[in-house]
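Remarks on the structure that follows.
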Amino acid sequence: MCGRTSCHLPTEVLARACAYRDRQGRQRLPEWRDPDRYCPSYNKSPRSNSPVLLSRLHLEKDADSSERIIAPMRWGLVPYWFKEADLSKLQINTSNCRSDTIMEKRSFKVPLVKGRRCVVLADGFYEWQRRQATNHRQPYFIYFPQIKTEKSEQVGAVASPEDWEKVWANWRPLTMAGIFDCWEPPEGGDCLYSYSIITVDSCKVMTDIHNRMPAILDGEEAVSKWLDFGEVSAQEALKLIHPTENIAFHPVSSMVNRSWNNAPECLLPLHLLTGKELKASASSQKMLQWLATKSPKKEEPKTPQKAEPDVRQWSSQFLQKSPQTPKRSSASLLERWLKRGQEEEPAAKRPHTQ
């Protein structure tokens, strides 16, 4: 755990969903770096590139550490000490990092002490529940509960604080705590940025599904403190790492078991596929309404038929060091979006498999 996520929003829309205020209280959108390396997908697996938030100070000398950059990074941290040119020879699994041993393993301790903290962005993540006395494992899609808010069609700059509050009134992305590192290939070349998702013991509502879950940063204050390594020490930041009960989930189809299956049906509530009539929760209704009415057009990759490369490389000359009965979701709103998205969107523009 966590071994699969969904992050399907196009770059511009994802940036709007991550609107924030900097240390001076100014309204900001995170700036994208290397957006062409990001491939939207409903079924992301380790070694693919996923979008993360990080402090601008990691990439720009003398920048304000409260300002944010959004960039694709390789899922699965490549430790700074790894000396092989072939990443397939890395024998340890670094997709996740246990919070209870993070200070015991140098692969994770060194990036944490250096302030290399990031926030991994997703619609939600998938987890598998093992059924007793069988080998069957039921997948679930897990995400933030969604609250109905006033919709807005605004894109880009806003004129007033009142307008700013309406910049994003749709699906709330899941924000997971992560750490990243910068690996220099032994034969030279661009630095490879990669990350690991920090995990904790599951909250009460999730224990029946799995005993571990991502460390979810619930709210702007938590996200801000985790990212601002210039002002918040590693010891203080680690106090933000704990389970949260503020989640919703629903069972999904086993099609998500195969990482090459990349379609909206991966996160569709299972009863909508099987025809069973179940009452939709408020959170899942919000999910379906947004998907029905706010389906963004996917950005067409430059090479639609080419699979995303396992290794994401991008350079920076300023990598800074720091001073030292559950909420079930199934429903009526996602179904309409899925139908509308499939009717309006050309097949070639749908995100391709990872």
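A compact table of results
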{"quantity": "Members of region 111-148 that are closer than 24 Å to L238 by Cβ, open to solvent by 40 Å² or more (accessible area, probe 1.4 Å) and β-branched (V, I, T)", "calculated": "V113"}
{"quantity": "Residue within region 6-21 that is open to solvent by 20 Å² or more (accessible area, probe 1.4 Å), in contact with a Ser or Thr (Cβ under 8 Å, 6 or more places away or on another chain), at negative phi and not polar (S, T, N, Q) present", "calculated": "no"}
{"quantity": "Test: N261 is over 26 Å from K61 (Cα atoms), open to solvent by 10 Å² or more (accessible area, probe 1.4 Å) and out of contact with any strand residue (DSSP E or B) (no Cβ under 7 Å at 6 or more places or on another chain)", "calculated": "no"}
{"quantity": "Cross-chain or 6+ apart pairs with Cβ under 8 Å, region 77-90 first and in a helix (DSSP H, G or I), then of a type outside the set (F, W, Y) and surrounded by 19 or more Cβ atoms within 10 Å (Cβ to Cβ)", "calculated": "L87/V78"}
{"quantity": "Region 166-210, subset at pLDDT 95 or above and among the acidic types (D, E), residue surrounded by the fewest Cβ atoms within 10 Å (Cβ to Cβ)", "calculated": "D201"}
{"quantity": "Any pair with Cβ under 6 angstrom, 6 or more apart, that starts in region 34-63 at a residue that is assigned to a loop (DSSP other than H, G, I, E, B) and ends at one that is among the charged types (D, E, K, R)", "calculated": "C39/E308; P40/K298; S45/R4; R47/D310; S48/E308; A63/R56"}
{"quantity": "All positions within region 80-100 that are over 22 Å from the mean Cα position of the chain (by Cα) and farther than 30 Å from L267 by Cα", "calculated": "Y80, W81, F82, K83, E84, A85, D86, L87, K89, L90, Q91"}
{"quantity": "Exclusive hit being modelled with pLDDT of 95 or more, among the aliphatic types (A, V, I, L, M) and either crowded, with 20+ Cβ neighbours inside 10 Å or assigned to a helix (DSSP H, G or I) (or both), set M255, M213", "calculated": "M213"}
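So that you can scan it fast, the table gives a plain yes or no per residue for (1) open to solvent by less than 10 Å² (accessible area, probe 1.4 Å); (2) touching a Ser or Thr at 6+ places or on another chain (Cβ under 9 Å):
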| site | (1), (2) |
| --- | --- |
| C2 | yes, yes |
| E31 | no, no |
| P40 | no, yes |
| P46 | no, yes |
| N49 | yes, no |
| H58 | yes, yes |
| L90 | no, no |
| N96 | no, yes |
| T101 | no, no |
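The values are calculated or read from the model by the stated rules, or taken from the named source; none is laboratory data. Here the structure is a predicted model, which is why all the values come from computation and not from measurement. Because the Cβ atoms are built from the backbone with ideal geometry, glycine has one as well, and the counts that use them run over all protein chains shown. Ligands, DNA and RNA are stripped out before the accessible areas are found, and what is left, the full protein with its side chains, is counted by its heavy atoms. Shrake-Rupley method; radii C 1.70, N 1.55, O 1.52, S 1.80 Å.
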